[in-house]
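Have a look at the structure below, then the notes.
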Amino acid sequence: MIDLHNPTAATAELEAQIKSDLVATEAIFKEQIKCLYETALDDGLVVIYPHVRADGDALGACIGFALILKAAGFDVIILSEEPIAEKFSYLSDMAVGLFYPVPESIQVQVDHQNGISEQYASTSETTWKISVATANESELASTEETKVDSSQAMSESLSHLNSILKRQVVGIALDSPGADRLGRRENMFEYAPRRFIIDHHPAERQLDQYYAKRTTASAVCEMIVDFVPLLEKIAGKSLVTPEIATCLLTGILTDTGRFSYTNTTSHTLESAAAMLRAGAQIRELTAHLFDTMSPARMQLIGLMAQRLTYYAGGKLAVSYFEQNDFDTCGAVETDTDGLVGMLREVAGVDVSLLLQVTDTGDLRCSLRSSDRFNVGQYAETMGGGGHRAAAGFTLFEMSLEQGLRQLTEHLTQQLEELRLD
Ligand SMILES: [Mn+2]
């Protein structure tokens with residue numbers, strides 16, 4: 001039964017919260033814009049960082065934002081952990097020359113000595129040292145390289161990355177509360193002379209003058225939609241093209257499950273409406289993002305359904321993927337996106353858990369819940385994070401059997417303690 005109780009009080013409360021959140025983030029956005037104009041207009045480079053395993057929101061926000069900043073006259077690049085997923089190739093087509101996946105073999109290490117942070121971008125054969133004077137943040141003390149041996153391509157990659165980091169005046173993390181979800185690029189972001197964060201995840205991280213956090217935003221793309229008019233005012237021209245609108249609508253659609261999750265608010269719909277007015281094609285996008293799946297994904301759904309087990313009297317649904325399932329099905333990473341949500345859709349299920357054995361033998365755990373159990377909080381206790389209704393974490397060096405046993409016992413106990421009826 002659908003419970004259509006009178007939600008007047010809750011609605012008023014949420015609307016008031018959104019209103020005050022918007023005022024707070026607008027103040028931060030203005031600080032960010034001021035900083036961009038003060039530091040990044042001439043030779044500086046703005047470097048945008050999506051989180052690892054970037055999803056539709058991270059990619060849509062990074063590419064949309066990069067195009068907006070470029071239109072406003074800034075030099076900008078997106079440093080990504082991995083190449084763009086096939087499903088989002090229409091986004092990368094818009095960002096030719098702006099999107100740079102850091103080659104997998106490159107690591108950046110940092111040493112602190114006498115106020116100098118030394119970054120080492122290295123592969124197994126080569127180490128390049130990039131010295132940055134933190135005392136005078138805008139100035140590079142020296143750059144030297146210790147080159148042992150490397151292929152031409154790798155040497156070019158290192159030199160490219162080197163020049164990006166040397167010119168970086170502002171680093172911007174989107175859809176991630178800072179460095180902790182940036183993987184190998186953590187140091188590159190942390191040592192940007194100025195760091196912006198635009199994010200909608202609840203996080204413990206200390207707020208600062210350039211950290212815009214709005215947990216009432218369905219997606220970071222929704223936040224970028226609010227950023228644009230402030231920048232347009234200073235730039236003195238309109239900046240949103242149909243392409244940019246498509247990027248930003250992508251994140252709103254994917255993070256709200258096309259306007260169906262509890263994070264969908266009146267402001268979300270207004271933001272989406274603004275993108276439609278700017279030329280985003282909603283039917284093409286939803287058809288591509290939601291109504292099309294690879295044969296491999298259908299095979300994975302079959303495996304997931306076969307292995308599905310219920311616990312806690314049907315309130316907990318659990319399934320898993322083994323390491324060789326991907327090869328067997330010919331699947332790629334994105335083929336599992338959202339599958340854990342499908343388990344949650346079974347009538348009576350409050351929490352769903354999907355385990356996946358990774359290439360490195362770790363256990364990736366994804367959780368979804370009805371709004372009666374906070375999986376974000378649970379994931380945090382396991383070293384991960386997320387939202388109330390969608391979260392995840394990784395158990396390192398744990399076998400599938402062990403992980404299944406521990407997590408189902410733990411979650412069953414917690415669900416039973418809640419005494420949901
Ligand atoms: Mn997001």
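Please work out whether segment 52-107 counts as rounded, prolate or oblate from its C-alpha gyration tensor, where a ≥ b ≥ c are the square roots of the eigenvalues and a/c under 1.5 means rounded, while otherwise a/b larger than b/c means prolate and anything else oblate?
On the way: a/c = 2.02, a/b = 1.34, b/c = 1.50.
Since a/c reaches 1.5 but b/c is at least a/b, the shape of segment 52-107 is classed as oblate.
Find how much the distance from Q406 to T358 grows on full extension, using 0.36 nm per residue of separation minus their present alpha carbon separation; answer in nm with one decimal.
Gain on stretching Q406 to T358: 15.5 nm.
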Pop a pseudo-label 7 angstrom from the Cα along the beta-carbon direction at both K237 and D75 and give the gap in nm to one decimal. 1.9
What relative contact order, as a whole-number percentage, does the chain give when Cα pairs under 8 Å and 6 or more residues apart are counted? 12
Mind checking which of L239, S159, A317 is farthest towards the positive end of the chain's charge dipole, using Cβ charges of +1 (Lys, Arg) and -1 (Asp, Glu) about the Cα centre? L239
Treating only the Cβ of Lys, Arg, Asp and Glu as charged (+1, +1, -1, -1), what charge dipole size does the chain show about its Cα centre? Round to the nearest 20 debye. 820
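On a full-extension model of 0.36 nm per residue, what is the gain between Y37 and T381, subtracting their alpha-carbon distance, rounded to one decimal in nm?
Details: separation 344, 0.36 × 344 = 123.84 nm, distance 4.06 nm.
Answer, rounded to one decimal: 119.8 nm.
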Cα-based count: Lys pairs in the chain below 14 Å, eight or more positions apart or different chains? 7
Please report the antiparallel percentage of the DSSP beta bridges confined to the chain, to the nearest 5. 60
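At 222 nm, what value in deg cm²/dmol follows for the chain if DSSP H runs of at least 4 each add -39500 (n - 2.57) and the sum is divided by all its residues, to the nearest 500? List each step's numbers first, then the result.
Values: 14 runs with 173 residues, N = 421.
Rounded to the nearest 500, the figure is -13000 deg cm²/dmol.
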Of all the stretches in the chain, which is the longest one without any exposed loop site, taking chymotrypsin sites (Phe, Trp or Tyr not before Pro) in a DSSP loop (any state but H, G, I, E, B) with at most 16 other Cβ atoms within 10 Å? 1-258
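Give me the percent of DSSP beta bridges within segment 296-418 that run antiparallel, rounded to the nearest 5.
Values: 18 of 24 bridges.
Of the beta bridges lying entirely in segment 296-418, close to 75 percent run antiparallel.
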Quick note, segment 22-68: a/c under 1.5 would make it rounded; otherwise a/b > b/c is prolate and the rest oblate (a ≥ b ≥ c, C-alpha gyration tensor); here it is oblate
When only DSSP loop residues count, what GluC sites (Glu not before Pro) in segment 313-362 have their Cβ near at most 12 other Cβ atoms within 10 Å? E345
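Work out, step by step, the length gained on full extension between Q209 and I282: first 0.36 nm times the residue separation, then minus their alpha carbon distance; give nm to one decimal.
Details: separation 73, 0.36 × 73 = 26.28 nm, distance 3.50 nm.
Taking Q209 through I282 to full extension adds about 22.8 nm, to one decimal.
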Given axes a ≥ b ≥ c from the Cα gyration tensor, I'd like to know whether segment 296-418 is rounded (a/c under 1.5), prolate (a/b larger than b/c) or oblate. prolate
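Bear in mind these aren't lab numbers, they're just calculated from the coordinates by the rules spelled out. Please read all numbers here as calculations on a predicted model, not as lab measurements. Note that we place each Cβ from the backbone using ideal geometry, even for glycine, and neighbour counts take in every protein chain shown.
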